[in-house]
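Take a look at the structure below.
The values are calculated or read from the model by the stated rules, or taken from the named source; none is laboratory data. Because the structure is a prediction, the values reported are computed rather than measured. Neighbour counts run over all protein chains shown; Cβ positions are idealised from the backbone, glycine included. With ligands, DNA and RNA removed, areas are computed over all heavy atoms of the protein, side chains included. Shrake-Rupley method; radii C 1.70, N 1.55, O 1.52, S 1.80 Å.
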Amino acid sequence: MWIVPEAAVSGLITAEASFDAVEATFAAMARGDAYNFPVIREAIGHADALYGFKSGFDRAGLHLGLKSGGYWPGNADKGLTNHQSTVFLFDADTGQCRAIVGGNLLTALRTAAASAVSIKHLARPDARVLGMIGAGHQSAFQMRAAVTQRAFEKVIGWNLHPEMLSRLAQTADELGLPFEAVDLDRLGAEADVIVSITSSFDAILADAQVRPGTHLACMGTDTKGKQEMDAALVARATVFTDEVAQSVSIGEAQHAVAAGLKQPTDIHVIGDVINGVHPGRTDAQEVTLFDGTGVGLQDLAVAAAVVERAIAQGVAVSVDF
Ligand code: NAD
């Protein structure tokens, strides 16, 4: 069995490789070659933490396993990442544990890759202004991945806690893009693509604030009760997701579906767009929304890529197990 420690992961995978792995995974899911098992996610009643498992099997890539972990909101005060994740990979032929991989950086990379995949396939080709809602740990990864997909000329951002906006300003600066902190009215009126990545349990962006033609990549809502977009906005948008079962239960679409404003059958998988089965955006006025709930197969795909490279580079630790 192999162990790839968290500290080794950054040298073993790029954002580009994560993008390719996630795009291929969404395509395999839509073809029926890969499927996710039901998600377990619980508020454990300790340290305000959400903890759970995401797992699945990709028959084509023979990725079998799970990601265990969750979200500890008090970790930042301890100098730790709020998300704590570990990926376990199993041999699909024998069930033996093949590898344990640090999953913190991988979670950020695969989540950013998912919204970037949605921007590639759903945003207007002429998108120039990127709007960011959220300025936590994930937001910098999201911005870096998003700007690879369109010729963005400017980033604008909003966050509930304005003192965190410096992360967005610094990341935009590193990317050579101007950044401006704006209110939500301006964000919705000026952005062509909006990425939301917060821990919100209430709608942040209202339907009336979003102009036609916008692509929304909603990445923060991954638990029952969480919400970033007004249900009416979700109802107006053409909604795509990684996995419909998660979208309607723990994703951004849960509220619109519960209110009867959207039917589960109205929600399309992004893999169908990647595979050319669904046309995706059909006109420049359409509001498209990607409900990125985060699936276990994303984690397995990037972790498997890391393990192969770690073994090849002699970085993986071998353990008799
Ligand atoms: P973080 O703790 O570093 O940052 C939290 C962000 O949410 C900050 O911008 C903060 O200002 C904002 N926020 C906190 N409480 C809020 C509230 N009540 N209303 C509005 N905004 C609020 O977290 P992070 O690592 O950046 O992750 C952000 C969110 O993304 C988490 O909720 C996490 O569960 C989610 N996430 C989703 C996926 C996925 O695949 N969909 C993957 C990773 C993380």
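Some points to look at:
- FRET efficiency for the I40 to V317 pair, using the beta carbon distance and R₀ = 25 Å, is estimated at 0.35.
- MRE, 222 nm, helices only [DSSP H, n ≥ 4, -39500 (n - 2.57), over the chain, to nearest 500]: -9500 deg cm²/dmol
- Ordering M1, A284, T94 by Cα displacement along the dipole of the chain toward the positive end leaves T94 in first place; charges were set at the Cβ atoms of Lys, Arg (+1) and Asp, Glu (-1).
- Computed magnitude of the charge dipole of the chain (debye, nearest 20; Cβ of K, R +1, Cβ of D, E -1): 180
- A cut-off of 5 Å between modelled amide H atoms, ignoring neighbours fewer than 5 places along the same chain, links I156 with L130, G131, M132, E180.
- Long-range lysine pairs (8 or more apart or interchain), the chain, Cα under 20 Å: 7
- Taken one residue at a time, the phi angles of region 216-233 give Karplus couplings (6.51, -1.76, 1.60, θ = phi - 60°) of 10, 10, 9, 10, x, 7, 9, 8, 4, x, 6, 6, 10, 10, 4, 4, 5, 5 Hz. Gly and Pro are set to x.
- Under a model in which nothing but the beta-carbon of Lys, Arg (+1) and Asp, Glu (-1) is charged, region 205-321 shows a dipole of about 180 debye around its Cα centre.
- Inter-centroid distance (Cα atoms) of region 96-162 relative to region 188-221, Å: 14
- Per-residue SASA entry for L165, accessible area with 1.4 Å probe, Å² rounded to 10: 30
- P(r) weight above 37 Å for the chain, C-alpha pairs, percent: 11
- In Å², nearest 10: area of V273 left accessible to a 1.4 Å probe: 20
- For S166, solvent-accessible area (1.4 Å; no DNA, RNA or ligand), Å²: 80
- Spin-label zone in region 133-171 - amide nitrogen under 15 Å from a point set 7 Å from the Cα of T14 along the C-beta vector: 145, 148-149
- Listed residues Y51, Y71, Y35 arranged by accessible area, highest first, probe 1.4 Å: Y35, Y51, Y71
- Carbon + sulfur, % of accessible area of region 172-321 - ligands and nucleic acids excluded, 1.4 Å: 52
- Extreme residue, positive dipole direction of region 121-294, given options V273, H161, L205 (C-beta unit charges): V273
- The 1.4 Å probe gives accessible areas that order E190, E23, largest first, as E190, E23.
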